[in-house]
Ligand SMILES: CC(C)[C@H](C(=O)O)[C@@H](O)C(=O)O
Ligand code: SF4
């Protein structure tokens, strides 16, 4: 128990304080790392380690999974045609064998995108400090962990020492109060937040999401929300662990069991931000003001309501901003002021660490059921993990998708970033459930629009961006 007169602390501060090893005069703090997740892009860090003659200090705290470079039409590493990509998957396998850390290999029943499998395996737990060489590590904060992405040099440092130097970030609370409207999902909430505060709106801050709308989200929804904290510039995103969190974690392979579980839950309950604790910034959002949301530009902040219009660059007074917008309009093939629903779609991608979980696939299948993918549209469903895939198949979702004309594939990052070679063609317009609409992300010249799984499924069957409320009578 903290002393009576202890200053009230935020959840972030409680976790930070517990992991502090020492502080340097320049303000850098050495933190102990509980879990180190790595993926198939991590070889440079092992290479650095090897060249310095070092070995991982705590292999039992390292968990690896191939996701970025894996094909989604086979589970055979040897069948990866491109040697550079095959090398990435093979070296992760070799590093695991050499150093003895747990690997969820391509054929493992737990394989999937690193940010999907962490929570799914129960590796992600409230109060832990977790790192991974990937910006979307913020995802894990949905369970009340402090989780952030780190660079390759830092990965080498964590491998060698199980600690990490960090400067203490500022804190920010985003409170979403009220009820979410029909067709509005966690994806719409986070797109709306980023459109409101800007893609750099949370720079340097750890975000705590609060309010009745956040408490009402499922675990999957919270994972989607925290996943995109980085797209608002946040260092991490967090949600207070509660009954939803505990119910989600109970019985997962790496979750505590028996008496240990009870003690853990007691500890986890104490993580909540104390009454009276101060955040460096507070933002309040009205849940009722959030519509199904879609992006039109090349930044996640370029988002509008699905029944709205793209902006008109000529209305922009700042000359520099106007020129940038016109450039975006040319790249994205937009007409000023056009309704977003008039945008015709060539491809649909349902998946990623943002929206590749079972609930996402259920939402997309609910729209796809009994409908057909529109003429000329190629639509893919890529489950976020092998367990998600098995669960979806047990529920018959794969049948719904394939009967509607979707491609049902194996788990991985796939077209989210296309590092595995799965990309769209130049000029193609993609409705994607991913988190980044940057130029060229899904292939050179490709135009990406971010949206929820239900919205992406709606786009697939109508052939253009469609407000999902039209499909459900909401
Ligand atoms: C490849 C990886 C380092 C990168 C990230 O940091 O997020 C990727 O996952 C992405 O989504 O762009
Ligand atoms: S699914 Fe996309 S955002 Fe997530 S880790 Fe993979 S490439 Fe990055």
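List of remarks:
- Of all residues in the stretch 101-135, those being within 16 Å of ligand 2 (Cβ to nearest atom), touching a residue at least 60 places away in the same chain (Cβ under 8 Å) and surrounded by 21 or more Cβ atoms within 10 Å (Cβ to Cβ) number 17.
- Within the stretch 180-196, the set of residues being surrounded by fewer than 17 Cβ atoms within 10 Å (Cβ to Cβ) and closer than 21 Å to residue 471 by Cα comprises 181, 182.
- Meets criteria (closer than 17 Å to residue 214 by Cα, assigned by TED's automatic domain parsing to the domain that holds residue 116 and in contact with a helix residue (DSSP H, G or I) (Cβ under 7 Å, 6 or more places away or on another chain)) for residue 248: yes
- Unique residue being in contact with a helix residue (DSSP H, G or I) (Cβ under 9 Å, 6 or more places away or on another chain) and surrounded by fewer than 21 Cβ atoms within 10 Å (Cβ to Cβ) when the list is 222, 235, 215: 215
- Residue tally, condition within 15 Å of residue 117 (Cβ to Cβ) and either surrounded by 24 or more Cβ atoms within 10 Å (Cβ to Cβ) or assigned by TED's automatic domain parsing to the domain that holds residue 106 (or both), over the stretch 367-413: 9
- Residue within the stretch 101-114 that is in a helix (DSSP H, G or I) and within 22 Å of the chain's Cα centre (by Cα) present: yes
- Filter result for residue 164 (touching a residue at least 40 places away in the same chain (Cβ under 8 Å), buried (at least 20 other Cβ atoms within 10 Å of the Cβ) and closer than 28 Å to residue 350 by Cα): no
- Listed by position, the strands (runs of 3 or more DSSP E) enclosed by the stretch 142-233 that each have at least 1 residues that are under 15 Å from the mean Cα position of the chain (by Cα), closer than 26 Å to residue 120 by Cα and not assigned by TED's automatic domain parsing to the domain that holds residue 279 are 146-149.
The values are calculated or read from the model by the stated rules, or taken from the named source; none is laboratory data. Predicted model only: the values in this text are computed from it and were never measured. Neighbour counts run over all protein chains shown; Cβ positions are idealised from the backbone, glycine included.
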